[in-house]
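Read through the structure below, which is laid out as structure tokens, and then see the notes.
The values are calculated or read from the model by the stated rules, or taken from the named source; none is laboratory data. Keep in mind that this is a model prediction, so the values were computed, not measured. Glycine gets a Cβ as well: all are built from the backbone with ideal geometry, and neighbour counts include every protein chain shown. Areas reflect the complete protein model, heavy atoms only, side chains present, ligands, DNA and RNA absent. Shrake-Rupley method; radii C 1.70, N 1.55, O 1.52, S 1.80 Å.
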Amino acid sequence: MNSRLTRPLLAFAISGALVAGSSLVGGPASAEPAAPQPGSTDAASVQEEPTPDATDPAVPAPDPTDTEEPTPDPTDTTDPGPEPDPADTAAPVGKFALNSRALWIGQSVSLTQGAVTDDTTPAEQVTRTATWGDGTSTTLAADTAQYTHEYTANGKFTVTVTYQDAAGNSSKATSTVTITTPGKFKFSKTTVWAHEPFSVTFSNVPNGTTKIVFDQGDGWVVTLKGKNQSAWLYYYTRKNGSYIKGSVTSRATFYNKYGASSAIVVGKVTVKADGWKPTTTVKKPKNSNRIKSWKYATGTAKDKGSGVYRVAVFASRQTGSKFYCYSSNNTWKLVKTDAQAEKYCVAHYVKAKKGKWSLRLKGVAKGTLWVDASTQDVSSNWGKFATVKAKITRS
């Protein structure tokens, strides 16, 4: 039994016995108690030590060097969590793989996680963080094998995965990927009239390119082969039918086994509207009444805007009561019905050189000859018809 607890109680019992004896028995207050007999169990016979006084300098102070831990409270259910192992100084080891070290702008790199090991922390509890080298990062889950990331700028980027175990030890694995823009582009003209043909040239097309999707910028999209090449185009109307005027931006998307690149700007072309109509003349030869003067029908074609594109020439004649048209196969066909007129009375399209045009006429005969011509400019404007009529009487 603890003496610090029993001694005050014994003292209190002795004092109480004395008080009770004095009040009940009624003996003199100065009377002394009887001497204890050998073997007696009377509490008054026990010699007790006085209770220590905490203020007594003779009582020693608690020893500050006593480091004995207090007994844990069994009712405290708070989980302090795993304590770091002071002996764990080994960092985890991990690895990953990229699907390619060279990609195009807009393509996504694919990161595949490899094995992760640590001496104490289970692999699934090792934290993993990927930084992509462009200012962005992703927390990787142990149960997700693959992650992708798209690059929107050219450059060489270092992909880093940091592995950290429960003790705070960490290590890094790195790899690099280079992002470039495929191809080079050149327009033969950057300012054109509506409907004016011009070309675009694709060069430095990388090996492995499977196709190039060319968006002209007017709603029309064409698919080209994945190689160096030139293609003709013109701007006139958009796919929705509206006429084109002003700046048009075209783009190209390259494809290879890693997918599509971003839509790369090929360039801008300014389209000018042409409000001028071309003019046409048909020349009447000096001896217009003679067959030999009509071996060729000739004239002029001019335009102030986009320039002359072509001249449409019609030839017909009447001999007696019969009417003939100069057909597409350069022979004269007798026309009796509207259906025959539609079939045989067709335009012969000729090019103008230095503002002049000509059409070979074969088999001209006596009678009345008509030659009609109209010019179309590059912007598809047609001018008025010009007509020459001649009465042929001589060979």
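Hey, among Asp118, Asp218, which residue is more than 21 Å from the chain's Cα centre (by Cα), under 30 Å from Thr249 (Cβ atoms), of a type outside the set (Ser, Thr, Tyr) and crowded, with 16+ Cβ neighbours inside 10 Å? Break it down into steps so the answer makes sense when it comes.
Numbers: Asp118 fails: under 30 Å from Thr249 (Cβ atoms).
Matching residue, one of Asp118, Asp218: Asp218.
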List pairs: first in segment 188-210 and within 10 Å of Gly226 (Cα to Cα), second of a type in the set (Ser, Thr, Tyr), Cβ under 8 Å, 6+ apart or cross-chain? Phe202/Ser230; Thr209/Tyr255; Thr210/Tyr255
Which condition number does Thr120 fail, the rest of (1) in contact with a Gly (Cβ under 8 Å, 6 or more places away or on another chain); (2) over 24 Å from Ala260 (Cα atoms) being met? (1)
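Would you check if Gly219 is without any contact (Cβ under 8 Å) to a residue 24 or more places away in the chain and on the phi > 0 side of the Ramachandran plot? If you could, list the steps in order and put the result at the bottom.
Details: without any contact (Cβ under 8 Å) to a residue 24 or more places away in the chain: yes; on the phi > 0 side of the Ramachandran plot: yes.
Yes; evaluated as a whole, the condition is true for this residue.
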Among Val265, Val271, Val248, the single one that is over 30 Å from Ala153 (Cα atoms) and either outside any loop (DSSP other than H, G, I, E, B) or not aromatic (Phe, Trp, Tyr) (or both) is Val271
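Determine, yes or no, whether Lys227 is basic (Lys, Arg) and part of a loop (DSSP other than H, G, I, E, B).
Working: basic (Lys, Arg): yes; part of a loop (DSSP other than H, G, I, E, B): yes.
Judged against the criteria, Lys227 is a match.
I'd like to know if segment 300-312 contains one or more residues that are more than 30 Å from Phe198 (Cα to Cα) and part of a loop (DSSP other than H, G, I, E, B). Step through it out loud before you land on a result.
Step one: list which residues in segment 300-312 are more than 30 Å from Phe198 (Cα to Cα), which gives none.
The answer is no, given that none of the residues of segment 300-312 is more than 30 Å from Phe198 (Cα to Cα) and part of a loop (DSSP other than H, G, I, E, B).
Can you confirm whether segment 239-251 contains a residue that is touching a residue at least 40 places away in the same chain (Cβ under 8 Å), among the polar types (S, T, N, Q) and open to solvent by 40 Å² or more (accessible area, probe 1.4 Å)?
The initial filter retains those residues of segment 239-251 that are touching a residue at least 40 places away in the same chain (Cβ under 8 Å), namely 243-245, 250.
Still in the list and also among the polar types (S, T, N, Q): 250.
Imposing the further condition that a residue be open to solvent by 40 Å² or more (accessible area, probe 1.4 Å) reduces the set to none.
No, that holds for no residue.
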Say we look at segment 84-115 and pick out the residues that are open to solvent by 60 Å² or more (accessible area, probe 1.4 Å) and not in a strand (DSSP E or B); which of these is nearest to Asn154 (Cα to Cα)? Arg101
State yes or no: is Ser316 open to solvent by less than 60 Å² (accessible area, probe 1.4 Å), assigned to a loop (DSSP other than H, G, I, E, B) and out of contact with any helix residue (DSSP H, G or I) (no Cβ under 6 Å at 6 or more places or on another chain)? no
Looking only at segment 169-196, which residues are of a type outside the set (Ser, Thr, Tyr) and not in a loop (DSSP other than H, G, I, E, B)? Lys172, Ala173, Val177, Ile179, Lys184, Phe185, Lys186, Phe187, Val192, Trp193
Only one of (1) within 14 Å of Tyr255 (Cα to Cα); (2) assigned to a strand (DSSP E or B) fails for Val200. Which number is that? (1)
Enumerate the pairs (first residue in segment 330-355 and in a loop (DSSP other than H, G, I, E, B); second residue anywhere and surrounded by 14 or more Cβ atoms within 10 Å (Cβ to Cβ) and modelled with pLDDT under 95) with beta-carbon separation below 8 Å, excluding pairs fewer than 6 apart on the same chain, so at least 6 apart or on different chains. none
Qualifying positions in segment 126-172 - over 19 Å from Ser100 (Cβ atoms), loosely packed, with under 14 Cβ neighbours inside 10 Å and polar (S, T, N, Q): Thr139, Thr144
Go through segment 297-312 and give me each residue that's open to solvent by less than 40 Å² (accessible area, probe 1.4 Å) and over 55 Å from the mean Cα position of the chain (by Cα). Ala297, Gly299
Mind listing just one residue for me: the one in segment 271-296 that is under 25 Å from Thr237 (Cβ atoms) and open to solvent by less than 60 Å² (accessible area, probe 1.4 Å) and, of those, farthest from the chain's Cα centre (by Cα)? Thr280
